[in-house]
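Shown next, in C-alpha cells, is the structure this report addresses.
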Amino acid sequence: MSKVICVCGARPNFMKIAPIVKVLGRTDGVESRLVHTGQHYDERMSDLFFEQLHIPKPDINLDVGSLSHAAQTAEVMKRFEPVCLEERPDWVVVVGDVNSTLACALVAVKLGIRIAHVEAGLRSFDRAMPEEINRVLTDTISDQLFVTEPSGLDNLRREGVDDDRVHHVGNVMIDTLLACRERAAQSDIHQQLGLSAGSYALATLHRPSNVDDRATFAGILDALEAIGQDMPVMFPIHPRSRNNLESLGLRERVESMTNLRLIDPLGYLDFLKLMSDAAVVLTDSGGVQEETTIVNVPCLTLRENTERPVTITQGTNQLTGSDPKAILNAYQDIRQLPPSAASPPHLWDGHAAERIVAILTGTTCRTTAEVSK
Ligand code: UD1
Ligand code: UDP
C-alpha cells in the first residue's frame, strides 16, 4: 500500500489536481489524501471548482489565505509539516508553479518524502516572475518530474536532471478540459450575458507585471477599450486585478468603458464555454494559453515571454507584450486572418493523469475507457 498526499491551493491547481485525484481513487493499493492550502479561498476562486470538477472535499484545509510571498510560503510550510508528520506519505504530489507548490515541496524534501512535480520543466527565463522561481526550485528538489511539452524536456536536460526522473506525460489541465467539454457546452452563459458565439472578445489578467503597475494596467485598459469599439470585451476579473483597479484609482475609468464588461470570476464550465466561442482571447494566464490551443481560438498573450512555447508553435497563441499599440496591431492582424491550431500537442489527449499515476505507483491503472465499460 502506498500513501499519496495531493496538494492544491490556487485556482489553476484545481483543474490540474482533479484528474490525478480521480485516477488515484480508482487505483488499487493506493491511499490518497487531498490537502488544500487555502491560498485561494473566495467561493468563485475555490469551492465552485470543487463542485464543478467533482473534486472530493479536501481532507485537510490549511487555511493560509492571502499574505506576502514570504509569509504565505512560510505559513503553508508551518501548517503542512505536521500533516506530513502525521500522515507519513510515500509521495507528495504538487502541481504547477504557485507559492503553495514550492512551500509543500520544501516541507516534503526536508522530511525525506518523495515529491512528484506535475507540470515540471516549464521556463519563462524571466526571474522577475514569482512563478519562475517556484518552478526552478520545485523542479530542483523533486524526485519525479512530469512534463507537458517538449520544451520542458529540453530545459530539464539542460539543467542536468537525470532523464530517468523525467516523464513526458501530457497535460492534466487538458485532461480536465476534455472531460468537461460536453458539460460546458450546456452552459447558458451566453444567454446570461446577452452574447452570441463568435461576436465577443474575452480578457483575463492577473500577472503582477500587468496589473500592479498603474501605467501598464491603464495602457492595457486603453487597448481593451479600443477593441470594444469593434466587439464587446468580457472581462471576468481576478481578485488581485479588481483590488488594484481600486487602489490604483482606475475603477471609474473602467466603469465608464461601456463595451468593456467587468464580471465576477466565472466557474470553470461557464468560462470554458465563453472561451470556446470567443472571437479572440486576450490573457496573461498560463492555463488559458494552453486551453485556447485545444479549443482553437486565437489567443493574444499580453506578456513578453511564455513558459509554454508549444502554444505558439502548434497552437493559436501569440505574444504581444503589454504595449497598447502592439496589442491592437496583433488584434487587427487576427481579425483579418485568424490563426488556427496545427494539431494538439503530443499527449494532450485526456490521459495524462493515468500516465502519472501508473508511473508513481508502479501499477497499471485502469484507463477511463476501461472504467466506463
Ligand atoms: C496566484 C499565483 C499565480 C497564479 C494565480 C492564479 C503565486 C505567487 N501566484 O496569483 O501564479 O497564476 O494565483 O489565479 O502563487 N485574493 C482574493 N481572494 C482569493 C484569492 C486572492 O481576494 O480567493 C486577492 C488577495 O487580495 C490577494 C491577491 O488576490 O492578496 C493575490 O492572491 P495570491 O494568491 O497572492 O496571488 P495571485 O495573484 O492570485
Ligand atoms: N478560469 C476560470 N474562470 C475564470 C478565469 C479562468 O475557470 O474566470 C480557469 C481557466 O479556464 C483555467 C484556469 O482558470 O483553467 C487558469 O487559472 P489562472 O488564469 O487563474 O492561473 P494561471 O493559469 O495563470 O496560473
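So the values come out like this:
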read-out: Candidates ALA326, ALA341 - the one that is open to solvent by 10 Å² or more (accessible area, probe 1.4 Å), at pLDDT 95 or above and aliphatic (A, V, I, L, M); value: ALA326
read-out: The one condition in (1) part of a loop (DSSP other than H, G, I, E, B); (2) touching a residue at least 12 places away in the same chain (Cβ under 8 Å) that LEU67 fails to fulfil; value: (2)
read-out: Qualifying residues in the range 36-49 (those that are out of contact with any Pro (no Cβ under 8 Å at 6 or more places or on another chain), over 17 Å from GLY96 (Cα atoms) and of a type outside the set (Asp, Glu)) - the one farthest from ligand 2 (Cβ to nearest atom); value: TYR41
read-out: Residue satisfying all of: in the range 249-260; part of a helix (DSSP H, G or I) and free of Cβ contacts under 8 Å to residues at least 24 places away in the same chain; surrounded by the most Cβ atoms within 10 Å (Cβ to Cβ) among these; value: ARG251
read-out: The range 89-106: number of residues that are away from ligand 1 (no atom under 13 Å from the Cβ) and in contact with a Lys or Arg (Cβ under 9 Å, 6 or more places away or on another chain); value: 4
read-out: ASP143 vs. criteria open to solvent by 50 Å² or more (accessible area, probe 1.4 Å), within 21 Å of GLU31 (Cα to Cα) and out of contact with any Asp or Glu (no Cβ under 7 Å at 6 or more places or on another chain); value: yes
read-out: Some residue of the range 217-228 being within 30 Å of SER124 (Cβ to Cβ) and within 15 Å of ligand 2 (Cβ to nearest atom); value: no
read-out: Count of residues meeting criterion [among the aliphatic types (A, V, I, L, M) and within 16 Å of ligand 2 (Cβ to nearest atom)] in the range 246-271; value: 5
read-out: Within the range 1-27, considering residues that are away from ligand 1 (no atom under 16 Å from the Cβ), at pLDDT 95 or above and in a strand (DSSP E or B), the one nearest to HIS238 (Cα to Cα); value: CYS6
read-out: Residues (open to solvent by less than 10 Å² (accessible area, probe 1.4 Å) and away from ligand 1 (no atom under 16 Å from the Cβ)) located in the range 56-88; value: CYS84
read-out: Counted residues, the range 91-122 - those being in contact with a helix residue (DSSP H, G or I) (Cβ under 9 Å, 6 or more places away or on another chain), in a loop (DSSP other than H, G, I, E, B) and open to solvent by 10 Å² or more (accessible area, probe 1.4 Å); value: 4
read-out: Matching entry among GLU246, GLU290 (being free of Cβ contacts under 8 Å to residues at least 12 places away in the same chain and out of contact with any strand residue (DSSP E or B) (no Cβ under 6 Å at 6 or more places or on another chain)); value: GLU246
read-out: Inter-residue pairs, beta-carbon under 6 Å, first within 13 Å of PRO150 (Cα to Cα) and in the range 301-313, second of a type in the set (Gly, Ala, Ser) and not in a loop (DSSP other than H, G, I, E, B), 6+ apart; value: PRO309/SER151
read-out: Residues of the range 18-35 satisfying the condition of being in contact with a Gly (Cβ under 9 Å, 6 or more places away or on another chain) and within 16 Å of ligand 2 (Cβ to nearest atom); value: PRO19
read-out: Selected residue (only one of GLY65, GLY96, GLY112 is within 16 Å of ligand 2 (Cβ to nearest atom) and modelled with pLDDT of 95 or more); value: GLY96
read-out: Breaking point among (1) touching a residue at least 60 places away in the same chain (Cβ under 8 Å); (2) open to solvent by less than 10 Å² (accessible area, probe 1.4 Å), for GLN52; value: (2)
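Conditions (1) away from ligand 1 (no atom under 16 Å from the Cβ); (2) modelled with pLDDT of 95 or more; (3) in a helix (DSSP H, G or I); (4) surrounded by fewer than 24 Cβ atoms within 10 Å (Cβ to Cβ), marked per residue:
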{"residue": "PRO265", "(1), (2), (3), (4)": "no, yes, no, yes"}
{"residue": "LEU269", "(1), (2), (3), (4)": "yes, yes, yes, yes"}
{"residue": "ALA278", "(1), (2), (3), (4)": "yes, yes, no, no"}
{"residue": "GLU291", "(1), (2), (3), (4)": "no, yes, yes, no"}
{"residue": "LEU300", "(1), (2), (3), (4)": "yes, yes, no, no"}
{"residue": "ARG303", "(1), (2), (3), (4)": "no, yes, no, yes"}
{"residue": "THR311", "(1), (2), (3), (4)": "no, yes, yes, no"}
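The values are calculated or read from the model by the stated rules, or taken from the named source; none is laboratory data. Since this is a predicted model, take the numbers as computed values, not measurements. We place every Cβ from the backbone using ideal geometry, glycine too, and count neighbours over all the protein chains shown. Accessible surface is based on the protein model in full, side chains and every heavy atom, while ligands, DNA and RNA are left aside. Shrake-Rupley method; radii C 1.70, N 1.55, O 1.52, S 1.80 Å.
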